[in-house]
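To start, the structure itself, in structure tokens.
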Amino acid sequence: MTTTEAVRDGEIPAGDGTKQQFISWVTLALMTTASVASLRPSPTMAIYGLAAVFLYLLPAVVFLVPTALASAELASGWSGGIYRWVSEGLGKPLGFVAVWCQFAMTIAYYPSLLAFVASTFAYVIDPSLADNGLYIAIVIIVVYWTGVLISSRGTRTVAGLSSAGLIIGTLIPGVLLVVLGFVFLGQGNPSAAPMSADHWLPPWTGLASLVLIVNNFLSYAGMEMNGVHVSSLRKPGSQYPKSIFLATGLVLLIFVLPALAISWVMPAKELSLTSGLMQAFQAFFDYFHVGWMTKVVGVMVVAASLGGMLTWLSGPSKGLLLISRQEGYLPPWLQQFNKFGVPQNIMVAQGVLTTLIGILYAFSSNVSSQYWMFSVITVQIYLIAYLLMFVAIVVLRKKQPEVERGFRVPAVTWVASIGFVASLAALVIGFVPPDQFGDDPLWRYLLVVGGGLLVLGVLAPAAFLKFRKASWVHPEHRGGA
């Protein structure tokens with residue numbers, strides 16, 4: 001895709017005839033926060049009570065911070081997102097694997113995200129539907145395809161919707177949840193989870209007791225995802241790092257405080273991983289005799305989740321399409337932009353797989369278990385991309401030290417090593433089923449999780465690399481262009 005200079009009105013012709021659209025670094029920070037932070041994982045960590053603080057801070061230090069630092073340097077030195085970063089450092093085939101994994105993880109991510117949306121919306125219409133597999137399957141399919149229609153309108157539409165969803169459906173309900181929690185405790189009510197100093201660390205009953213921490217790697221994933229939009233900033237070198245660090249602060253606040261508030265009112269054994277957030281709101285509102293507010297908050301939370309989904313729809317799909325045009329990794333019919341510059345055909349093909357996975361919920365007797373397994377598959381596929389990214393930044397420091405970077409990571413080898421080891425550990429731990437699903441057969445868990453990782457994260461990109469054709473390279477990139 002042709003690189004062009006900004007003009008006064010903020011829109012210039014791109015190489016394919018579409019208009020280049022610019023966004024502010026604050027907007028990009030809100031887009032990034034919307035794609036990373038949500039109230040969705042709060043019930044998972046609320047199970048641990050006060051130890052949730054430690055379990056959020058640990059992956060923040062060993063994963064979130066290294067990811068934010070590495071992506072800030074890479075994006076301010078090389079435009080084009082994770083494909084360009086890994087390709088420059090490790091070669092184009094591994095660059096494709098990285099961008100493919102960034103895209104493929106969403107195939108498992110959307111069903112788990114939309115299962116949460118369905119369970120949340122159930123509290124608006126009928127709470128008994130929160131664990132109904134057929135209802136959840138219908139919501140997953142309908143909402144996903146609606147998102148495709150909205151995302152096909154272009155970057156500005158997505159930016160506006162995702163930023164509005166963050167404020168209306170994450171920040172406001174999150175603050176409300178925390179305030180209700182403090183008032184609840186201030187009136188002399190005991191916390192459902194112990195809050196004494198000796199509960200800072202989670203109880204150790206074996207590795208399975210800590211497996212739910214893997215969910216935090218998914219919670220923090222996506223800090224680099226909007227690097228594909230770095231060219232939409234007027235001054236990428238200076239603005240992207242600021243955008244990343246603002247998003248990091250917002251992410252930490254949004255995750256930690258609501259998880260604690262939930263643990264104050266809901267006993268761990270009663271929490272659902274999909275509807276636990278609304279269980280807590282229902283408990284608080286019933287206590288304060290404003291139960292009708294549950295429906296209002298439910299609509300707001302759904303809006304935030306849909307905003308995050310829209311951001312994910314526009315980012316990885318666009319990155320995969322751009323490099324496929326250059327290198328011929330995908331068939332030509334998947335390489336087409338619509339008139340708004342959106343890779344609609346890729347999103348449609350992805351939607352077919354998402355629909356098939358969503359249908360599985362209709363036949364599930366344990367919605368929380370399905371939700372967890374798809375969440376783990378999402379994490380593991382995405383972690384492959386992170387492993388490659390952490391190696392690439394170290395290699396690029398040595399191979400291309402002369403490239404001007406708007407930001408440089410201090411002690412880059414140490415930072416990248418910490419992020420790499422943490423990512424690898426999370427990937428391995430994901431194969432251990434959590435205590436909460438101890439009744440499910442181990443073989444089923446390993447088959448679903450291992451099979452999902454193998455097919456989507458390993459076999460699929462290997463097949464595309466093996467069978468790609470020179471004729472699939474887009475005409476504008478042929479002949480070394």
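The values are calculated or read from the model by the stated rules, or taken from the named source; none is laboratory data. All figures in this text were calculated on a predicted structure; none of them were measured in a lab. Backbone-built Cβ (ideal geometry, glycine too); neighbour counts: all protein chains shown. These accessible areas exclude ligands, DNA and RNA; they are computed on the full protein's heavy atoms, side chains included. Shrake-Rupley method; radii C 1.70, N 1.55, O 1.52, S 1.80 Å.
A few notes on this one:
- In this simple spin-label approximation, V428 and L253 carry label points 7 Å from Cα along the Cα→Cβ vector, and these lie 3.7 nm apart.
- Separation of the S191 and L356 label points, Cα + 7 Å toward Cβ, nm: 4.6
- Cα gyration tensor category, rounded, prolate or oblate, for segment 37-161 with a/c compared to 1.5: oblate
- Residue by residue, segment 373-378 carries 3J(HN,Hα) couplings of 5, 5, 5, 5, 4, 4 Hz when phi is fed to the Karplus relation 6.51 cos²θ - 1.76 cosθ + 1.60 (θ = phi - 60°); x denotes Gly or Pro.
- Given a 1.4 Å probe and the protein chains as shown, Y329 ends up with an accessible area of around 0 Å².
- Global form of segment 303-363, assessed from the alpha-carbon gyration tensor, a/c cut-off 1.5: oblate
- From phi via Karplus (6.51, -1.76, 1.60), per-residue ³J(HN,Hα) for segment 242-257 in Hz, x at Gly/Pro: 4, 4, 5, 6, 5, 4, 4, x, 5, 4, 4, 5, 5, 7, 6, 5
- R0 of 30 Å, Cβ-Cβ distance V61-I138: FRET efficiency to nearest 0.05: 0.15
- If the segment from S365 to A268 were pulled out straight at 0.36 nm per residue, it would be longer than the present Cα-Cα gap by 32.8 nm.
- Over the chain, Cα pairs under 8 Å with separation of 6+ residues give a relative contact order of 32 percent.
- Pairs with C-alpha atoms separated by more than 27 Å, drawn from the list K295/K318; K318/K398; K318/K466, are K295/K318; K318/K398.
- Theoretical FRET efficiency, 1/(1+(r/R0)^6), r = Cβ-Cβ of W443 and F467, R0 41 Å, to 0.05: 0.80
- For the chain, adding -39500 (n - 2.57) for each run of n ≥ 4 DSSP H residues and dividing by the number of residues yields -21000 deg cm²/dmol at 222 nm.
- Violating pairs (Cα-Cα greater than 18 angstrom) within the set K242/K399; K92/K399; K92/K469: K242/K399
- Residue ranking by accessible heavy-atom surface, 1.4 Å probe, largest first, among E402, E73, E88 comes out as E402, E88, E73.
- Simple spin-label estimate for V290 and R234 in nanometres, 7 Å along Cα-Cβ: 4.1
- Helix 442-452 axis, angle to the chain major axis (alpha carbon atoms, nearest 10°): 30
- Protein accessible area in the chain, 1.4 Å probe - carbon and sulfur %: 68
- Tensor-based shape of segment 302-453 (alpha-carbon gyration tensor, a/c under 1.5 rounded, otherwise prolate or oblate): oblate
- Accessible area of segment 301-439 divided out per residue, in Å², using a probe of 1.4 angstrom: 37
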